[in-house]
Amino acid sequence: MFKKLYHQIFLILVTFILTIFYVEPGFAQANTEPDVEFKADPSAKKPAEVKISGLLREDAYYIRMPEPDVVSDRKDLFANVLETRLILDRSREDWSFYADGRLYLYGGETQKAYGTTRLSLMRVMMRYFSPIGDFTIGKTYVNFGNSGLFNPFEIDKKIQMTDLQYAREGLYAAEYYLPWQDLSGVKIYTGFNDAFDYNPMLGISPSYHLGKFDIGGIYNHSDIDKNITGFYFKGDAILGIQGSWGAHLNDKLKYSYSEISGGIDYSFFEGKIVTTLLFYYNENGADEYKKYKVSPDSFLLAKYYGFLSVSWLIDEFWSVQLNAFMNLIDNSAVIMPVASFIITSGLSVTLQVNMVTAKKEAEFSRDKSGDFSALMRVEGRF
């Protein structure tokens, strides 16, 4: 019954939004101000140009594995990922179109996991800006709560250690955002995550700007017996402060477990040095390393984590960063120094080393992931 209901809601929203897209420009505006003479803007009829941009990113990996007497028949590993990204963007005052397609070519160890090639349509969507709110339809990224690491309301909880800010793939969804005041509003969406396995999704999140803080509540149904509800806040009180709490429920609204995240950040020297400290608790995580199990509803495996990041913008060409994940159950950690250099406008090179501190069955273990790994990334944007 619920599946049919979500399906009907999705079709109704799609029909409504498509109807709006075919209304003549200025129709809604003219009807909301009947006492004002409407004069068509000649430039409004001129088609906006489609902007084409993208990048070519080459990632070369080296992984130093433990000695053969520790883990038999294992050698140093090499991997390569060549990513080509093409972005189409057409924007007007009243509506916009956006598409992001990516082609991946794999070599070495990554070829064993993904094959030789992979094509991904990350996002493709239309957005209409109306007097009664913003309507979006297509494959779009739906963000609830505080963006960034350890957001309990994130639908895709995979962490990419080589690029912590890598974009997540969108959902097939219809979204509506109604703003009130300047920085407050409510977001509603419905859709599904997999075109070949239809499981209806539905969520709502009202938010409010109060002083120097943004606060909000969330309810999201992401799959069968997967619901999360809670609240979040983020603001500035000398230090940047953020926090989130999310409770997981089944479809009968029976409580299962909670996730909590919190953090602070502070910048020095006019923003050239930025420090961030985050804490994450997952009640469903393991409380000892022998019980570690992979779960799609968890960022990592244990109950408690810390994350530290210090970044320094040295000048217009050089920047360095130090990131570290800390498992507070088994006391293992992965430490990631990063250095980036801008060769010329749009062309950069990045070096990153990932070092793990523990052994044996700990989460960040040299016996599992190697003594260390090194990445060289060359990226050209056009």
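Observations on the structure shown:
- For the residues Leu277, Leu253, a 1.4 Å probe over the protein chains yields an accessible-area ranking, largest first, of Leu253, Leu277.
- The local environment of Arg377, defined by Cβ-Cβ distances under 9 Å, has a net charge of -3 under the rule Lys, Arg +1 and Asp, Glu -1.
- Carbon plus sulfur fraction of accessible area for the stretch 187-232, probe 1.4 Å, in percent: 63
- Where Glu288, Glu93 fall by accessible area, highest first, once all protein chains stay in place (1.4 Å): Glu93, Glu288
- Pairs over the 31 Å Cα-Cα cut-off, from the set Lys303/Lys368; Lys234/Lys359; Lys303/Lys360: Lys234/Lys359.
- Positive-end residue of Leu278, Gly263, Ala324, charge dipole of the stretch 255-346 with Cβ unit charges: Ala324
- Placing Arg118, Arg377, Arg90 in order of accessible area, with the largest value first and a 1.4 Å probe, yields Arg118, Arg90, Arg377.
- For the stretch 261-333, the set of trypsin sites (Lys or Arg not before Pro) satisfying both a DSSP loop assignment and a count of at most 11 other C-beta atoms within 10 Å is given as Lys293.
- The stretch 269-382, accessible area per residue, ligands and nucleic acids excluded (1.4 Å, Å²): 55
- Ligands, DNA and RNA excluded, the heavy atoms of Tyr255 present near 110 Å² of accessible surface to a 1.4 Å solvent probe.
The values are calculated or read from the model by the stated rules, or taken from the named source; none is laboratory data. Bear in mind the structure is a predicted one, so any value in this text is a computation, not a measurement. Using ideal geometry, Cβ is built from the backbone for each residue, glycine included, and neighbour counts are taken over all protein chains shown. The protein model used for the area step is the full one, side chains on, heavy atoms only, and it has no ligands, DNA or RNA in it. Shrake-Rupley method; radii C 1.70, N 1.55, O 1.52, S 1.80 Å.
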